[in-house]
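Structure first, commentary second.
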Amino acid sequence: MIMAKPEFEFSPTSAVPFTPCNPPIDGLSEAILARNEEDGTVTRILKFEPGTDTSPNGALRHDFWEEVFIFEGSFVDQRLNRTFRAGDWATRPPGMEHGPWVSEHGAKMFEVRYTQADASETGA
């Protein structure tokens, strides 16, 4: 049985410290709001400082779902040559290629990462 993320009532996000992401990129940090240590699901705020460039990591792909909402600032997706701004959102299934990004003025986004059991695991 998979355990859920911990239970929290409303708390100020300002009380959650930002720490470097893994792998580290200068100017990129995260505030982990909730994490399930068993399956790696995470709710976080991702912060790009002005001038952050994630090119050293290249394009990303991962084995989990990811939903992202930009609530402050903007960044340029270098692969797509498109700018995404506050109010934009994305839903990325496992394996979807995305990034790298450059943020001239900085950005913050709310992100939820989760896994989804297939029908054979749920009995559906």
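Laboratory data are not the source of any read-out in this text; all were calculated from the coordinates shown. All values reported here derive from a predicted model rather than from experimental measurement. Virtual Cβ from ideal backbone geometry, glycine too; neighbours counted across all protein chains shown.
Multiplying the sequence separation of Q78 and D26 by 0.36 nm and subtracting their Cα-Cα distance, what value in nm do you get?
Details: separation 52, 0.36 × 52 = 18.72 nm, distance 1.72 nm.
Stretched out fully, the Q78 to D26 stretch lengthens by 17.0 nm.
Quick one: grab Rg to one decimal and Dmax as a whole number for segment 29-73, Cα atoms only, in Å.
According to the Cα coordinates of segment 29-73, Rg and Dmax are 12.3, 34 Å.
If you bin every alpha carbon distance in segment 61-110 into 10 Å steps from zero, what whole percent lands in each bin?
Here the calculated profile for segment 61-110 is 27, 55, 18, 0.
Based on Cα coordinates alone, diagonalise the gyration tensor for segment 20-119, multiply each eigenvalue by 5, take square roots, and list the semi-axes in whole Å, largest first. Don't jump to the answer; show the numbers that get you there.
Working: eigenvalues 95, 44, 34 Å².
Semi-axis lengths for segment 20-119 are 22, 15, 13 Å.
For the chain, which longest stretch is free of loop sites, where a loop site is one of the trypsin sites (Lys or Arg not before Pro) that DSSP puts outside H, G, I, E and B and that has at most 15 other Cβ atoms within 10 Å? Before the final figure, lay out the partial values.
Numbers: sites that count: R61, R79.
Longest gap between qualifying sites, sites excluded: 1-60.
Kindly list the residues of segment 32-54 that lie in the label zone of Y114, defined by a backbone N under 14 Å from the point 7 Å along the Cα-to-C-beta vector.
34-36, 39-44
I'd like the FRET efficiency for D88 and E37, computed as 1/(1 + (r/R0)^6) with the beta carbon distance as r and R0 of 25 Å, rounded to 0.05. Before the final figure, lay out each step's value.
On the way: r = 30 Å, r/R0 = 1.22.
With a Förster radius of 25 Å, E is 0.25.
Please state the relative contact order of the chain as a whole percent: Cα pairs under 8 Å, 6+ residues apart? Walk me through the intermediate numbers first.
Numbers: 275 pairs, mean separation 33.2, N = 124.
The value is 27 percent.
If segment 1-65 were replaced by its equivalent ellipsoid, with semi-axes equal to the square roots of 5 times the Cα gyration tensor eigenvalues, what would those be, largest first, whole Å? Before the final figure, lay out the partial values.
Numbers: eigenvalues 116, 62, 12 Å².
Gyration-tensor ellipsoid for segment 1-65: 24, 18, 8 Å.
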